[in-house]
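Student: Before anything else, here's the structure in question.
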Amino acid sequence: MVSVPAVDSDQHLYEHRTLWLDHVDPDRRDDALRIVDDDLGYAWLTWRGRRLQPVDVQVPGRTAELGERRERIRAGVPAEARYDEVLPRDYWDPVARAARVGAMGFDAAVAFPNFGLLWERTLDADPVALTANMTAWNRWCASVVADARGVVHPVAHLTLRDADWCEAELARLSRDGVRLAMIAPALVDGRPLSHPDHDRLWRAFVDAGVTPVFHVADQRRPFDDAWYTEPDDSFVSPLESVFLWTPAALACTDLILNGTLERHPDLRIGIVELSAIWVPMYLMMLDGGFDFTTRLNGRPIAPLAQRPSDYFRARVRVSSFAYELPGRLIARTGDLYMCCSDFPHSEGTATPLEDYARAPVPVAPGDAPGLFHDNVAFLLGDR
């Protein structure tokens, strides 16, 4: 039997306590994020002495434990164990993670930041501190590339707010062999992603061979802040969970209808951990809304050589969990999807290949090479 390669499009590497401090520019050390224990023994992600979020060691399938832990923190109950005592080595060490990837049945995996998903919106208030901490993570990504020997593909962290910095980072990421970068599907200082000022950055992504990826994170929100009514110490807003897919759909619509993908024919985009079940309806609405408003207004926003949905199908790839039944999605929209585990997050799984095989619409690597390999390889520039 011929072995079919499989690549996990969504895993997470934990940042060690001093990662940002170890890799930040010397003159920005005061701005470095840190992981610090409080008097009760709980570890916190902190910035300039401010506690941002508790630092959790998550386990797939055990989300309720995180809520219980937060209730103990609120009640002032001492921690049951120290963070470092319960943190598995393969959560943070690239070599150990590479071994875990193989044990899960994958040939390779894409690895996003872990705590890097928690702080971008907070640090938005200080663009210099924002880029300093992104740079620190990106420098560490170079060591992941070297140590994991092609098994773990780290995802850089970028912002479009500082174009000169972003271009320099992309050039260095290219030299270091980092081929994916997480960016926010959000306005950039009031400008849409399609704004002509950003064309230089889309060219830089293409020239560097780095694919921009949208991923769930605490980034600038798509709705007015008044809609978010949860307490300040909530981990994730219910509104953000319900409308998980909205920022990515909004960003793709902007980039397609305003001609960015037309102007940059080699630009590719990944959408990860933002669900996939919305894609069939979205593609119908994308074409339908374009057709209607073009007739109504007499012209499109920008001249397009293809149908709007064709740009999405040709350039965008979307991660799909097993429970979303990607086999059914492929039948409806074409081969756009990537398998994922979200390991080791609590909403993720440690047995993704088994999950896909046991789904009501089962699918295996031999049945769907695009889902299990080719589409993530497309984003990595291997196809």
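The values are calculated or read from the model by the stated rules, or taken from the named source; none is laboratory data. None of the values given here were measured: they were computed from a predicted structure. Counting neighbours? That spans all protein chains shown, and the Cβs are built from the backbone with ideal geometry, glycine included.
Student: Test of understanding: among 222, 231, 247, which residue is of a type outside the set (A, V, I, L, M, F, W, C), modelled with pLDDT under 95 and touching a Pro at 6+ places or on another chain (Cβ under 6 Å)?
Tutor: 222
Student: Next up: Which numbered condition trips up residue 139, out of (1) in contact with a Leu (Cβ under 8 Å, 6 or more places away or on another chain); (2) among the charged types (D, E, K, R); (3) within 20 Å of residue 165 (Cα to Cα)?
Tutor: Going through the list (1) in contact with a Leu (Cβ under 8 Å, 6 or more places away or on another chain); (2) among the charged types (D, E, K, R); (3) within 20 Å of residue 165 (Cα to Cα), residue 139 breaks only (1).
Student: Separate question: In this structure, does residue 163 turn out to be crowded, with 18+ Cβ neighbours inside 10 Å, of a type in the set (A, V, I, L, M) and in contact with a helix residue (DSSP H, G or I) (Cβ under 9 Å, 6 or more places away or on another chain)? Walk me through how you get there before you give the answer.
Tutor: Working: crowded, with 18+ Cβ neighbours inside 10 Å: no; of a type in the set (A, V, I, L, M): yes; in contact with a helix residue (DSSP H, G or I) (Cβ under 9 Å, 6 or more places away or on another chain): yes.
It is false that residue 163 is crowded, with 18+ Cβ neighbours inside 10 Å, of a type in the set (A, V, I, L, M) and in contact with a helix residue (DSSP H, G or I) (Cβ under 9 Å, 6 or more places away or on another chain).
Student: Considering only residues that are assigned to a loop (DSSP other than H, G, I, E, B) and more than 22 Å from the chain's Cα centre (by Cα), look in the stretch 306-333 and name the one that is surrounded by the fewest Cβ atoms within 10 Å (Cβ to Cβ).
Tutor: Ranking the candidates gives 306 first.
Student: Could you tell me which of the residues 322, 368, 302 is at pLDDT below 95 and touching an Asp or Glu at 6+ places or on another chain (Cβ under 8 Å)?
Tutor: Unique residue meeting the criteria: 368.
Student: Among the candidates 290, 378, single out the residue that is touching a residue at least 60 places away in the same chain (Cβ under 8 Å) and assigned to a helix (DSSP H, G or I).
Tutor: Result: 378 is the single residue among 290, 378 that is touching a residue at least 60 places away in the same chain (Cβ under 8 Å) and assigned to a helix (DSSP H, G or I).
Student: Shifting gears a bit: Quick one: in the stretch 58-78, which of the residues that are over 17 Å from residue 236 (Cβ atoms) and either part of a helix (DSSP H, G or I) or among the hydroxyl-bearing types (Ser, Thr, Tyr) (or both) is nearest to the chain's Cα centre (by Cα)?
Tutor: Once the filter is applied, the top-ranked residue is 72.
Student: Here are some conditions: (1) closer than 30 Å to residue 86 by Cα; (2) touching a residue at least 24 places away in the same chain (Cβ under 8 Å). Residue 354 meets all but one. Which one does it not meet?
Tutor: Every condition holds for residue 354 apart from (2).
Student: On the basis of being outside any helix (DSSP H, G or I) and β-branched (Val, Ile, Thr), does residue 236 make the cut?
Tutor: Spelling it out, residue 236 is indeed outside any helix (DSSP H, G or I) and β-branched (Val, Ile, Thr).
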